[in-house]
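The values are calculated or read from the model by the stated rules, or taken from the named source; none is laboratory data. These figures come from a predicted structure and were not determined experimentally. For neighbour counting, all protein chains shown are included, and Cβ atoms are generated from backbone atoms with ideal geometry for every residue, glycine included.
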Amino acid sequence: MKYTLLGLFADKVATLDGYSVLLAPLAAQTGKHLFDDISDSHFLPSYDIVLIDFSTKSDAVFVRMVLERFAETAKIFIISPYSSSDLAKLIPISKNIDAVMQKPLSLERLKTLFVNHTRIIDRQRMVVEKTELFSEIVELNPSFISVFSREGVLFYANTNFMKAFSINAEDIDTITFNEIKRCDLSFKLILDSLQIQPMYIVQREDNGKWYESHFYAILDHYVVHVCDNITEAKYKEQQLEQAAVFFEQSNEALMIADTNGKILSVNAAFCRITGYPKDEVIGRTPHILYSGMHDKAFYENMWGSLVHNGSWQGEIWNRRKNGEVYPEWLSISKATSARYNEDFYISVFTDISSIKETDRKLYFYANHDPLTGLANRVNFESQLKKQLEICKRRDLQIALLFLDLDKFKEINDTYGHTIGDAVLKTVTKRLTSSVRSEDFIARLGGDEFVIIAAGAENTEGILILARKLNDVIKEPITIDKHVFFISLSIGIAIYPEHGANTEDLIKHADAAMYEVKESGRNGFMLYDERFGQKISFRIQTQNELIRGINNDEFELYYQPVINLQNGKVIGAEALIRWHHPNNGLVFPNSFIPIVEEGEYIHEFGKMVYLKAIQDLVSFHQQIPTDKAFHVSVNIAPKQFFETDFVKNLVLTAQDFGIHPSAIELELLETQIMKSPQVAQDVFSELSQHGFKIALDDFGKGYSSLSYLKLFKLNKLKIDQSFVRDMLDDNNDKEIIQTIISMGKIFGMNVHAEGVETKAHEILLKEMGCDCAQGYLYSRPIPLGEFLQWYREYHSA
Ligand code: C2E
Ligand code: CA
Ligand code: CA
C-alpha cells in the first residue's frame, strides 16, 4: 500500500487508495470554513479517517467538535505537539482517539498507521456487508423462516413467514410459538427434542398441502424454525411409491434402460416372460433378448422413431433365456428424469404368442375349408375380385371353372360322412396336382369346387385343363376297401367375354355347370348366352316361395337344446321345412341361400318369426311349468340390417304376450362383421328389450376378439364342423377349448352344435361347454312331436 500525503493539509478532503480521509487543518484561516461545513446538519459525510492537526490550544474547541462528529464512525489520528496526557486534559473525549503523533511528524509512522488502520476498516466493512447480505438472504428466502427465544417468544420472522402466519411487525418480541403454531407440536417438545438431537424435523398436512419444518438451536438462546412447502415433492414421492408397486406387480413386462442401452431395472413380469432373473440382466443390454429374426432396417427404423418421436411401438420377436423365440407387443418411450436431467428408455411388453396362435388359427379357419385345407368361399370371392382388377388393368383374361362332383350326395348318404370326407380329400389332392401353381383353387362347400385359371387368352388351354380335371377324377378312388367311380361337371366362364364382374362371372360359370349336369354330367362346358335362361331356376324358386308363403307350405321343426351341466332341456332351435307340392319335404339348405339373396327374404323372415312366436304360445300352454324355455330363431343377414327390424320383433312378441327373453336370435358372425358398427347398435337395442343373441356357426368366420367384447352377446354356437371331428382331431379340440375359454372371459354361454354321440357329450361337458344340440338328443321334429319328446325326456 502506498500513500503519498501531498502538500499536507493543502486540501480538506483527500482520497487515499479508496479511503476517504478528512484532513482537518486547524490553522485559523481554513479552519473556519471547515467548521461551517461540519456544523451544517445536512452535510454529514462519513469518513474513514480523520486526520487532525492540533497545534495550538485555541484549536481545542474545534477539535472537540470534530471528535464529537466523527469519533464514532471514523478513525481519528491527531498530529500535535502535545502529549497524550496533555491532550486528555484539553479534550475530554480523547479516549476515542486512535493515534497521536507528536510533531515533528514522521511520514513513515503516518504511513504505517494508515496501513494498519485501513486493514481494520476493511475488516469492519466486510462484517457489515456480510451481515446485511445474510439478513437479505434470510429475508428473501422462499422458506418460512422464524427465530424464537428459548422462552418461545418470536424474535425474528422473514417476510414469507409473516405473510403466511399473518404476523405484524408489532407481534415480534411479544407473540409466542404456541400462539401462532399450525400443528400440534408444543414448543417444549421441540426444546426437549433439541436436547437429544441437533435438528428436529416434522412433516404435516394442512388443507391438502404438505409442509416440512426444521428446528435447530443457535447461539444457545434461539430456536430457528425453517418451514417449507413440500406438497409437490410429497406428491412425486407418493407417485413414485405407487409407480414402484405398479412397476413390480404389473402383468406387463417392464424394463428401464439408460441411453447407452444399459438395463437399469426390470420387473417380475419381465423375468417371468424372458426367463432371466433380475441379476442376470441388470447392467447388460437388451441385446441378450435378440432373436435374430429382424434385419438391420427393422432396428434402424425403431431407433429412428425413438430419436424423432420419442417412442416406438410394434410387434417384435425376442428370445427367452431357454432359447425359445416368441412374439411380443412392445412399446418403448423416452423419458427424462426431472431430478437427474437424464434420459431413459422405458419398455413395456406383453408376450403375445398365445394371442398370435389363436389369431393364426382363427385366420386360417376364416379363410380355409377345415376339411381339405383349400381356400373357402370368402377367400375365393376376395381372390376373384383382386384377380379381376389386375386383369382389367393389364388387359388380361382369366377363366373361372365351377366344379361339382356328380352323385357325391349318394356316397355320403350310403357310406356316411367319414367316407364322404375321405373321398373329398382324395378329390382335392387330385385337383391340386392337376392345376398350375398360378391357378387358385377353393372349396365352396359340399361337393363344389372352383378354380381361377390364368392365361385364358388361350381358350384351348383352358379346355385342355378342364378335360384333364375330368380325367383325373374319373380314376377309381379306393377308401376302406370300397372303390368309388365318380365324375365331375365343370362350367367355365371367361373374363371379360362372359362377364365383366365377379357376380356375373360366378353366375355364368354356375349356369354352365348346371348345363353340364342337365346334359348327363361328366364333362365341361363354356358359358353360352342361352344358359342365362337357366338362371331362371332361381327366379322360379323365388316365385314359388311367394306361393309357398301364401299357401302356408312352411313348417318349423324343433330341435332341443340341452344344458350340459344338469341335462335339462332349456330350449329349442326352430328350423324351417318346406312341404313343396311337387318335391315333397324340402330341407332349408337347398332353398335358404336362394331366399336369402332374393327380395322376399323380409316376408320369409317375418313368416318364420311369427310361426316361432305362435309355437311358443302353444308350448307355454301345454307345458306351463317350464317358464324358462326359449326358442331360437335363425335370422338372415338382410333381415338383421333392415330398418325397424327390432321394432317389428318387439311388436309381434307383444301381440302374443311373449316376453322377448323367451326368444333367442341366431346370427351368422361372418355377416355381422361386415358392418360391426351398425351391428353393435342393433345388438344393444335388442338386449335392452331382453332378446337373447347367439352367434351361429362360430369359428367359421373371422372371429375378431375385440368386436366380441363390444357386442352384447349371450351365446357362441360352435360350428358343427369342429364338433364333428373333435374326438380325432386335436386341432379342432383346441379350437373348441379356445372358444369355451373366450366365452368364459366375455361372459357368454358356449353351445355345441352337431353333438351326435355320447363321447362328444362327455368330452364337451368336461371341457366346460354350457349347452349342446344334436342328433344324440333328437333330430329336428314338428312341434307336436317335440312336445311329446319333451315330456318323455323329462319323465325318463
Ligand atoms: P344351422 O342354423 O346351423 O342349423 C343346424 C343344422 O344342423 C340344421 O340343419 C340341423 O338339422 C343340423 N343338425 C342338427 N344336429 C345335427 C347333428 O347332430 N348332426 C348333423 N350332421 N346335423 C345336425 P337344417 O335344419 O337342414 O338347417 C340348415 C341351415 O338352414 C341352418 O343351419 C340355418 O342356417 C338355415 N335355416 C334353417 N331354418 C332357417 C330359418 O328359419 N331361417 C333362416 N334364415 N335360415 C334357416
Ligand atoms: Ca342356427
Ligand atoms: Ca349353426
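For every residue, the table says whether it meets (1) surrounded by 15 or more Cβ atoms within 10 Å (Cβ to Cβ); (2) over 42 Å from the mean Cα position of the chain (by Cα); (3) farther than 19 Å from residue 161 by Cα.
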site: 185; (1), (2), (3): yes, yes, no
site: 188; (1), (2), (3): no, yes, yes
site: 192; (1), (2), (3): no, yes, yes
site: 196; (1), (2), (3): no, yes, yes
site: 210; (1), (2), (3): yes, no, no
site: 217; (1), (2), (3): yes, yes, no
site: 223; (1), (2), (3): yes, yes, no
site: 229; (1), (2), (3): yes, no, no
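Assess whether residue 650 counts as being within 16 Å of ligand 3 (Cβ to nearest atom) and at pLDDT 95 or above. Step through it out loud before you land on a result.
Values: within 16 Å of ligand 3 (Cβ to nearest atom): no; at pLDDT 95 or above: yes.
So residue 650 does not fit the description; no.
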Query raised in the report: Of 633, 650, which residue is in contact (Cβ under 8 Å) with a residue 24 or more places away in the chain and more than 30 Å from residue 366 (Cα to Cα)?
Result: 650
Query raised in the report: Are there any pairs, at least 6 apart or on different chains, whose C-beta atoms fall under 9 Å, with the first in segment 581-592 and within 16 Å of residue 552 (Cβ to Cβ) and β-branched (Val, Ile, Thr) and the second more than 9 Å from ligand 1 (Cβ to nearest atom) and in a strand (DSSP E or B), and if so, which?
Result: 586/578; 586/579; 586/580
Query raised in the report: For segment 451-469, does any single residue satisfy the condition of being more than 55 Å from the chain's Cα centre (by Cα), part of a helix (DSSP H, G or I) and among the aliphatic types (A, V, I, L, M)?
Result: yes
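Which of the residues belonging to segment 219-234 are of a type in the set (A, V, I, L, M) and either free of Cβ contacts under 8 Å to residues at least 40 places away in the same chain or touching a Pro at 6+ places or on another chain (Cβ under 7 Å) (or both)? Full working, then the answer.
Quick first cut of segment 219-234, residues of a type in the set (A, V, I, L, M) only: 219, 223-224, 226, 230, 233.
Listed by number, the residues that qualify are 219, 230, 233.
Rundown of residues vs (1) β-branched (Val, Ile, Thr); (2) surrounded by fewer than 20 Cβ atoms within 10 Å (Cβ to Cβ); (3) within 13 Å of ligand 1 (Cβ to nearest atom), yes/no style:
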{"position": "665", "(1), (2), (3)": "no, no, yes"}
{"position": "692", "(1), (2), (3)": "no, no, no"}
{"position": "723", "(1), (2), (3)": "yes, no, yes"}
{"position": "734", "(1), (2), (3)": "no, yes, no"}
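For segment 247-293: of the residues being among the small types (Gly, Ala, Ser) and under 17 Å from residue 343 (Cα atoms), which is modelled with the lowest pLDDT?
Here is the first cut: in segment 247-293, the ones among the small types (Gly, Ala, Ser) are 250, 253, 257, 261, 265, 268-269, 275, 283, 291-292.
Remaining after also requiring under 17 Å from residue 343 (Cα atoms): 257, 261, 265, 283.
Details: 257: 91, 261: 87, 265: 90, 283: 92.
That would be 261.
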Query raised in the report: In segment 550-590, which residue that is of a type in the set (A, V, I, L, M, F, W, C) and surrounded by fewer than 16 Cβ atoms within 10 Å (Cβ to Cβ) is farthest from ligand 1 (Cβ to nearest atom)?
Result: 585
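Please go through segment 709-724 and pick out each residue that is more than 18 Å from residue 760 (Cα to Cα) and not aliphatic (A, V, I, L, M).
709, 711, 712, 714, 715
Mind counting the residues in segment 744-762 that are buried (at least 18 other Cβ atoms within 10 Å of the Cβ) and closer than 13 Å to residue 564 by Cβ?
As a first pass, look at segment 744-762 and keep what is buried (at least 18 other Cβ atoms within 10 Å of the Cβ): 748-755, 760-761.
From what is left, the residues that are closer than 13 Å to residue 564 by Cβ are 749-753, 755, 760-761.
So the count comes out to 8.
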Report task. Give segment 240-274 a look and list any residue that's of a type in the set (D, E, K, R) and either in contact with a Leu (Cβ under 8 Å, 6 or more places away or on another chain) or in a loop (DSSP other than H, G, I, E, B) (or both), or say none. Result -> 252, 258, 262
Requested in this report: Collect the residues in segment 732-759 that are modelled with pLDDT of 95 or more, more than 15 Å from ligand 3 (Cβ to nearest atom) and not polar (S, T, N, Q), keeping them in residue-number order.
Outcome: 758, 759
Query raised in the report: If we keep just the residues of segment 741-779 that are within 27 Å of residue 711 (Cα to Cα) and polar (S, T, N, Q), which is farthest from ligand 2 (Cβ to nearest atom)?
Result: 741
Report task. Just one of (1) of a type in the set (D, E, K, R); (2) within 21 Å of residue 360 (Cβ to Cβ); (3) in contact (Cβ under 8 Å) with a residue 12 or more places away in the chain trips up residue 758, so point out which. Result -> (2)
Query raised in the report: How many of the residues making up segment 735-784 are touching a strand residue (DSSP E or B) at 6+ places or on another chain (Cβ under 6 Å) and of a type in the set (Gly, Ala, Ser)?
Result: 4
Report summary line: Exactly one of 288, 332 is in a helix (DSSP H, G or I) and in contact with a Phe, Trp or Tyr (Cβ under 8 Å, 6 or more places away or on another chain), and that residue is 288
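From 650, 678, grab the single residue that is away from ligand 1 (no atom under 16 Å from the Cβ), hydrophobic (A, V, I, L, M, F, W, C) and touching a Pro at 6+ places or on another chain (Cβ under 9 Å).
Numbers: 678 fails: touching a Pro at 6+ places or on another chain (Cβ under 9 Å).
It is 650.
Tell me the residue from 237, 212, 170 that is without any contact (Cβ under 8 Å) to a residue 40 or more places away in the chain, among the charged types (D, E, K, R), within 24 Å of residue 140 (Cβ to Cβ) and in a helix (DSSP H, G or I), please. Write out each step before concluding.
On the way: 237 fails: within 24 Å of residue 140 (Cβ to Cβ); 212 fails: in a helix (DSSP H, G or I).
Only one candidate qualifies: 170.
Quick check on residue 608: is it surrounded by 18 or more Cβ atoms within 10 Å (Cβ to Cβ), at pLDDT 95 or above, within 16 Å of ligand 3 (Cβ to nearest atom) and not acidic (Asp, Glu)? Talk me through it step by step, then tell me what you get.
On the way: surrounded by 18 or more Cβ atoms within 10 Å (Cβ to Cβ): yes; at pLDDT 95 or above: yes; within 16 Å of ligand 3 (Cβ to nearest atom): yes; not acidic (Asp, Glu): yes.
So residue 608 fits the description; yes.
A quick yes/no check of all residues on (1) crowded, with 19+ Cβ neighbours inside 10 Å; (2) out of contact with any helix residue (DSSP H, G or I) (no Cβ under 7 Å at 6 or more places or on another chain); (3) at pLDDT below 80; (4) among the charged types (D, E, K, R):
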position	(1), (2), (3), (4)
3	no, no, yes, no
13	no, yes, yes, no
21	yes, yes, yes, no
29	no, yes, yes, no
41	no, yes, yes, no
53	yes, yes, yes, yes
64	no, yes, no, yes
Report task. List the number of the failed condition for residue 643; all other conditions in (1) within 16 Å of ligand 3 (Cβ to nearest atom); (2) in a loop (DSSP other than H, G, I, E, B) hold. Result -> (1)
Query raised in the report: Of all the residues that make up segment 571-613, how many are under 27 Å from residue 650 (Cβ atoms), part of a helix (DSSP H, G or I) and aromatic (Phe, Trp, Tyr)?
Result: 2
**Report entry** Total residues in segment 378-435, condition among the small types (Gly, Ala, Ser), within 15 Å of residue 479 (Cα to Cα) and in contact (Cβ under 8 Å) with a residue 60 or more places away in the chain
**Finding:** 0
Query - Which numbered condition residue 557 misses (of (1) aromatic (Phe, Trp, Tyr); (2) more than 13 Å from ligand 2 (Cβ to nearest atom); (3) in a strand (DSSP E or B)) - result: (2)
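May I ask you to verify whether residue 381 is loosely packed, with under 14 Cβ neighbours inside 10 Å and either in a loop (DSSP other than H, G, I, E, B) or among the acidic types (Asp, Glu) (or both)? Spell out the reasoning first.
Working: loosely packed, with under 14 Cβ neighbours inside 10 Å: no; either in a loop (DSSP other than H, G, I, E, B) or among the acidic types (Asp, Glu) (or both): yes.
The answer is no for residue 381.
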Requested in this report: Kindly indicate the residue of segment 614-631 that is part of a helix (DSSP H, G or I) and out of contact with any strand residue (DSSP E or B) (no Cβ under 8 Å at 6 or more places or on another chain) and also surrounded by the fewest Cβ atoms within 10 Å (Cβ to Cβ) among those meeting that condition.
Outcome: 621
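Condition check ((1) of a type in the set (S, T, N, Q); (2) surrounded by 16 or more Cβ atoms within 10 Å (Cβ to Cβ)) across all residues:
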position	(1), (2)
85	yes, no
91	no, yes
105	no, no
119	no, no
142	no, no
151	no, no
160	yes, yes
164	no, yes
169	no, no
